[in-house]
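The values are calculated or read from the model by the stated rules, or taken from the named source; none is laboratory data. Remember, it's a predicted structure, so these values are computed and weren't measured experimentally. Here the Cβ is made from the backbone with ideal geometry for all residues, glycine too, and neighbour counts use every protein chain on show. Protein only, heavy atoms only, side chains kept; ligands, DNA and RNA dropped before computing areas. Shrake-Rupley method; radii C 1.70, N 1.55, O 1.52, S 1.80 Å.
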Amino acid sequence: MSKVYRIGIVGCGGIANGKHMPSLSKLENVEMVAFCDIIPERAEEAAAKFGTAEAKVYADYKKMLAEEQLDIVHVLTPNDAHAEISIAALDSGHHVMCEKPMAKTAADARRMVEAAKRSGKKLTIGYNNRFRADSWYMKKLCEEGELGDIYFAKAHAIRRRAVPTWGVFLDEEKQGGGPLIDIGTHALDLTLWMMDNYKPKVVLGTKYHELAKRENAANAWGPWDPEKFTVEDSAFGMIVMENGATVMLESSWALNSLEVDEAKCSLSGTEAGADMKGGLRINGEKYSRLYTNEIELSSGGVAFYDGKAENASDVEMRKWIEAIDQDLEPVVTPEQACVVSEILEAIYESARTGKAVYMN
Ligand SMILES: NC(=O)c1ccc[n+]([C@@H]2O[C@H](COP(=O)([O-])OP(=O)(O)OC[C@H]3O[C@@H](n4cnc5c(N)ncnc54)[C@H](O)[C@@H]3O)[C@@H](O)[C@H]2O)c1
């Protein structure tokens, strides 16, 4: 009988209820025994729905860490609390999964990497898009060298009008920014992981606060309050890597564009290209002709069963617990996530100063 891991949840809001707790509850070798939220009813509801019979509820994560015998802590609070709580949990001997982005600032992200190293515990970040079937396949293509050297890539995170108006997403102080740090982070993580390139050389960025000023906007979640919408509505970046490769990052919660794509990337290599637009496609040239292949991600061609893999969140949680159980490196390493945070911060800095930011 393998060990049963005791998990504490900090932050029982949207992502806890939408991803972590439902997917963890499908695993046999974990139990959720402690729930913490500064809004106590949220912790109580989560404990009642996902906890063991003896599960405890806390409003203060420090008390939870001191009183509970936990193996793993999931940090699912707004961005500004990620570093403090993750570092405290690592330093008190817990493995930590923290939501994306790793931290509000690059300095905090680096402190988290240090804490993981000094504690000897595992730290991972919730970049769940890596665990989709199309991402997994694209990663395989890259690893097998089928695209050759990837020297141009695009990270897509564009919404036409889908500004998250709940919680603290529009609060610069709590989140550290708008769509760039919220959804640009997923697209950039995916792109760098595909390229397996974590050495940025120079970053140029721009950001805009234009549609944010609109009253009564046609937003997916109802109109936003322009007074409260203080973060950028769009931000764009050009990242030149040490090996000369170029990454274009586009992120927006509200843009006048029909090209909407989110948590996707397009890659161009010396042998072929691949993108996630309209399904996973590979493009190239063979026998002096161009080809475009569409990858069929369902399997078997059986009418009653499409053979689709588990959902990405279930795969993410399963692989995270396996990494702990089998002492493997997590799929998302803290070092990788830290580079994503450093690039995002460089884009913000470049947008503010109007100058390119040279990394290192
Ligand atoms: N992986 C993804 O695709 C994805 C999607 C959505 C959100 N997220 C990330 O998850 C995090 C939370 O987002 P959300 O949408 O769940 O927000 P949310 O506002 O719905 O939930 C956050 C919860 O944390 C609680 N909280 C705040 N400070 C706390 C503290 N110090 N201690 C304990 N609890 C605290 C809040 O009361 C709230 O219940 C953010 O970092 C966000 O970027 C990731």
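Would you check if Met97 is of a type outside the set (Val, Ile, Thr), touching a Pro at 6+ places or on another chain (Cβ under 7 Å), modelled with pLDDT of 95 or more and within 30 Å of Pro179 (Cβ to Cβ)? Here the answer is no, as Met97 does not meet what is asked. Residue check: Val57 meets all listed conditions (1) within 14 Å of the ligand (Cβ to nearest atom); (2) farther than 22 Å from Gln175 by Cα; (3) more than 16 Å from the chain's Cα centre (by Cα); (4) in contact (Cβ under 8 Å) with a residue 24 or more places away in the chain but one, namely (4).
For every residue, the table says whether it meets (1) closer than 20 Å to Gly177 by Cβ; (2) within 16 Å of the ligand (Cβ to nearest atom); (3) within 24 Å of the chain's Cα centre (by Cα); (4) in a helix (DSSP H, G or I).
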{"residue": "Lys207", "(1), (2), (3), (4)": "yes, no, yes, no"}
{"residue": "Asp225", "(1), (2), (3), (4)": "yes, no, no, no"}
{"residue": "Lys228", "(1), (2), (3), (4)": "yes, yes, no, no"}
{"residue": "Glu232", "(1), (2), (3), (4)": "yes, yes, yes, no"}
{"residue": "Glu250", "(1), (2), (3), (4)": "yes, no, yes, no"}
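Is it the case that Ser298 is among the polar types (S, T, N, Q), in contact with an Asp or Glu (Cβ under 7 Å, 6 or more places away or on another chain) and surrounded by fewer than 20 Cβ atoms within 10 Å (Cβ to Cβ)? Here the answer is yes, as Ser298 does meet what is asked. Taken over segment 188-211, the residue count meeting the criterion of being open to solvent by less than 30 Å² (accessible area, probe 1.4 Å) and out of contact with any Phe, Trp or Tyr (no Cβ under 7 Å at 6 or more places or on another chain) is 10.
Let's see how each residue does on (1) of a type in the set (Ser, Thr, Tyr); (2) within 14 Å of the ligand (Cβ to nearest atom); (3) out of contact with any Ser or Thr (no Cβ under 7 Å at 6 or more places or on another chain):
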{"site": "Cys12", "(1), (2), (3)": "no, yes, yes"}
{"site": "Ala16", "(1), (2), (3)": "no, yes, yes"}
{"site": "Lys19", "(1), (2), (3)": "no, yes, no"}
{"site": "Ser25", "(1), (2), (3)": "yes, no, yes"}
{"site": "Ile38", "(1), (2), (3)": "no, yes, yes"}
{"site": "Ala46", "(1), (2), (3)": "no, yes, yes"}
{"site": "Met64", "(1), (2), (3)": "no, yes, yes"}
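Of the residues that make up segment 109-126, is at least one within 16 Å of Lys174 (Cβ to Cβ) and buried (at least 20 other Cβ atoms within 10 Å of the Cβ)? No, segment 109-126 has no match at all.
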